[in-house]
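The values are calculated or read from the model by the stated rules, or taken from the named source; none is laboratory data. Keep in mind the model is a prediction, meaning the values are calculated, not measured. All Cβ positions, even for glycine, are placed from backbone atoms using ideal geometry, and neighbour counts span all protein chains on display.
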Amino acid sequence: EAEVAQSPRYKITEKSQAVAFWCDPISGHATLYWYRQILGQGPELLVQFQDESVVDDSQLPKDRFSAERLKGVDSTLKIQPAELGDSAMYLCASSPLEGVYTDTQYFGPGTRLTVL
Amino acid sequence: AQTVTQSQPEMSVQEAETVTLSCTYDTSENNYYLFWYKQPPSRQMILVIRQEAYKQQNATENRFSVNFQKAAKSFSLKISDSQLGDTAMYFCAFMDSWDAGNKLTFGGGTRVLVKP
């Protein structure tokens, strides 16, 4: 069964350092989402792509966060510089643009970031 | 903006018994989708069940069923014949069907512990 892949699974970094997370959605899924999930809370959308275009990045802290999906397939989320408050789980999800399940998002295992 | 509230931070249930999780939401829209997602410990989030607001019939998926009360803006999840594998965080989520990007708004989650 196809799954959303994310790497690394765990990342520990010191504040002010740069970090990057990678996501490979399910093949054929045009829509890709990055969420941030603080421990004990529900996920919050950071950025959404349709193919290579950003659909929604209204909650992305653009002074330090950036995201790209250059070829409309895999995606990278970067934080520079990392701050203590960025410690969280970063989830990637994808969904198809056509068919019956366009409203269903499929999640990856996440990257747990710890900023020291 | 839509909000989703889960008022029960944690619930425990004996194996084979039934547990009901509460969810309320706030929206001015008439057409939308509601979801329950399950996040097992250290595993990825998966869809449990979905409900379309224009359908009066409550959705069911095997041991999982919902009680959708549109006027009250309530969407509870019932887990019947609870199994140890049901132990997880459960998130209620809202999607505005008219939203261009199928954005999900999550509640804060309910931790369910199934005891043997």
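Listed residues A:Leu77, A:Leu91; which is closer than 15 Å to A:Trp34 by Cα, within 14 Å of chain B (Cβ to nearest Cβ) and among the aliphatic types (A, V, I, L, M)?
After applying the criteria, what remains is A:Leu91.
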(message) On the basis of being of a type in the set (S, T, N, Q) and surrounded by 17 or more Cβ atoms within 10 Å (Cβ to Cβ), does B:Ser22 make the cut?
(response) yes
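Please go through the range A:18-51 and give me each residue that is assigned to a loop (DSSP other than H, G, I, E, B), surrounded by 14 or more Cβ atoms within 10 Å (Cβ to Cβ) and either within 11 Å of chain B (Cβ to nearest Cβ) or not β-branched (Val, Ile, Thr) (or both), ordered by number.
Across the range A:18-51, the qualifying residues are A:Pro25, A:His29, A:Ala30, A:Gln41, A:Gly42, A:Pro43.
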(request) Please state which of the following conditions A:Pro61 fails to meet, knowing it meets all the rest: (1) within 14 Å of another protein chain (Cβ to nearest Cβ); (2) farther than 17 Å from A:Gln6 by Cα. (result) (1)
(message) I need the full set of residues from the range B:77-116 which are crowded, with 19+ Cβ neighbours inside 10 Å, modelled with pLDDT of 95 or more and of a type in the set (Ser, Thr, Tyr), in order please.
(response) B:Ser82, B:Tyr90, B:Thr110
(request) Just give me the residues in the range B:58-72 being of a type in the set (A, V, I, L, M, F, W, C) and exposed (fewer than 12 other Cβ atoms within 10 Å of the Cβ), in sequence order. (result) B:Ala71, B:Ala72
(message) Let me confirm something: among B:Ser42, B:Ser65, which residue is at pLDDT below 95 and not β-branched (Val, Ile, Thr)?
(response) B:Ser42
